[in-house]
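What follows draws every value from the coordinates through simple rules; no lab data is involved. No experiment lies behind these values; they were computed from the predicted model shown. Don't worry about glycine lacking a Cβ; one is built from the backbone with ideal geometry, like all the others, and counts go over all protein chains shown.
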Amino acid sequence: MTDILLKENEKIEDLQCKGLRIIQNKKWFCFGMDAVLLANYCEFKKGSRVVDLGTGTGIIPLILYAKKDISEAIGVEIQTEVAEMAQRSVKLNNLEDTIKILNLDLREITKHLEPHSFDAVISNPPYKLHNSGIKNPSDQKAISRHEIMCNLEDVIRNAGKLLKQYGKFYMIHRPDRLVDIMCLLREYRLEPKRIRFIHSHVNDKPSMVMIQASKNGNKELKFDPPLYVYDEKGEFNKEIHTIYSSQE
C-alpha cells in the first residue's frame, strides 16, 4: 500500500477488512458504528455504481468496495479538510480507480454528476436539527452532527435526482425523525421498501433506524428483524461480530 504523510492529530486505523486502512483525525468527527451498519445493510447487484452523500472520512465507500463488489463509489463531502483526508485514505489503499471523493455541496451534485445514472445512493446524514445545541457552527464535529450545510430534505431530494429507475436509496437516521423521513421519501418518489430498527439492548427503545427505498417502486414496506447491538452480558452480539468480521 502507498505510504501517506499524516497531518497533525491524524492516525491510520486498520479496518480489519481485506487489509484496508483509513485515516482519522482524533479532533474531528470520526466514523462510528452507524456508518458500518449502514454499509453492511446495503444490497447491490454486482458492478453497481454508488454515491455516498456526506461521506465524511470515506468509510462507507471503503466498506462497499471490500464487501459489496461495486464497480464505482463516489463520496461527496462539503468540508474541504475532511474531503482531502478521505482522498488520502483512498490513495493509501490504492483505490483511485474505484473510489472518488468529491469536495462538493451535495445540494448542487447534479451539476457534477449525471442525473438518473446511479444504481444506489447512500447517506449517513447529520441527525440533529440546525439549532439543537450548536456551540460552533463552523466546527467539523458540529457540521457532521447538525443540519448546518444540508438538511434531511436536501439529502432525499438529491438522492432521487441521482438514482436510476428503481435504483436504491439507503439511509440511517434517528427514529424520532421517522415521520419526516417517510413523508419526504414519498414526496421525492422514493418508495420505502425495508426498515430495520437498531437497539442497544433487547429492552431498550431503538436508537437508530435504517431504511431502504426504491425510485418509483411499488408500495410495499417490509420490517426486518430488530438489530440488538449488545447481548445480556453487555458484549457485542453474534450479528455485530459478523458485520465487523473481515470474512463477511
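Within 15 Å, Cβ to Cβ, of L104, how many net charges do the neighbouring residues add up to if Lys/Arg are +1 and Asp/Glu are -1?
Details: positive: K100, R107, K111, K161; negative: D52, E77, E81, E84, D105, E108, E114, D154.
For residues surrounding L104, the net value is -4.
Based on Cβ point charges of +1 for Lys and Arg and -1 for Asp and Glu, what charge dipole magnitude is obtained for region 205-248 about its Cα centre, in debye rounded to the nearest 20?
Values: 6 positive and 7 negative charges, 61 e Å.
With Lys and Arg at +1 and Asp and Glu at -1, about 300 debye.
Can you tell me the length gained on complete extension of the stretch D231 to E43, counting 0.36 nm per residue apart and subtracting the Cα distance?
Working: separation 188, 0.36 × 188 = 67.68 nm, distance 2.59 nm.
Between D231 and E43, full extension yields an extra 65.1 nm.
Using the structure shown, list the pairs from K91/K238; K18/K238; K45/K161; K26/K168; K18/K91 with a Cα-Cα distance above 24 Å, or answer none. The partial results should precede the final answer.
Numbers: K91/K238 33 Å; K18/K238 20 Å; K45/K161 20 Å; K26/K168 33 Å; K18/K91 16 Å.
Too far apart for the 24 Å limit: K91/K238; K26/K168.
Would you tally the net charge around F197, using a Cβ to Cβ cut-off of less than 15 Å, leaving F197 out, and scoring K and R as +1, D and E as -1? Each step should come with its number before you reach the end.
Details: positive: R174, R177, R194, R196, K205, K222; negative: D34, D176, D204, D224, E239.
Taking every Cβ under 15 Å from that of F197, the sum is +1.
Say we join alpha carbon atoms closer than 10 Å with springs in a Gaussian network model of the chain; which of F44, F118, F223 then has the biggest fluctuation?
F223
Mean-square fluctuation check for the chain, GNM, Cα pairs under 10 Å: which of G217, G56, G75 is largest?
G217
Dividing the alpha-carbon radius of gyration of region 153-203 by 2.2 N^0.38 Å (N being the number of residues), what value is obtained? Mind dumping the intermediate values first?
On the way: Rg = 12.3 Å, N = 51, 2.2 N^0.38 = 9.8 Å.
So region 153-203 has a normalised radius of gyration of 1.25.
Which one of S123, T98, M33 is farthest out on the positive end of the charge dipole of the chain, using unit charges on Cβ (Lys, Arg +1; Asp, Glu -1) and the Cα centre as origin?
S123
Can you pull out the GluC sites (Glu not before Pro) in region 42-109 that DSSP calls coil and that have at most 16 other Cβ atoms within 10 Å?
Values: sites: E43, E72, E77, E81, E84, E96, E108; in loops: E43, E77, E96.
In loop regions of region 42-109 (DSSP not H, G, I, E or B), the sparsely surrounded GluC sites (Glu not before Pro) are E43, E96.
Extending each Cα 7 Å along its Cβ direction at D180 and K238, get the distance between those two points in nm, one decimal.
The answer from the label model is 3.8 nm.
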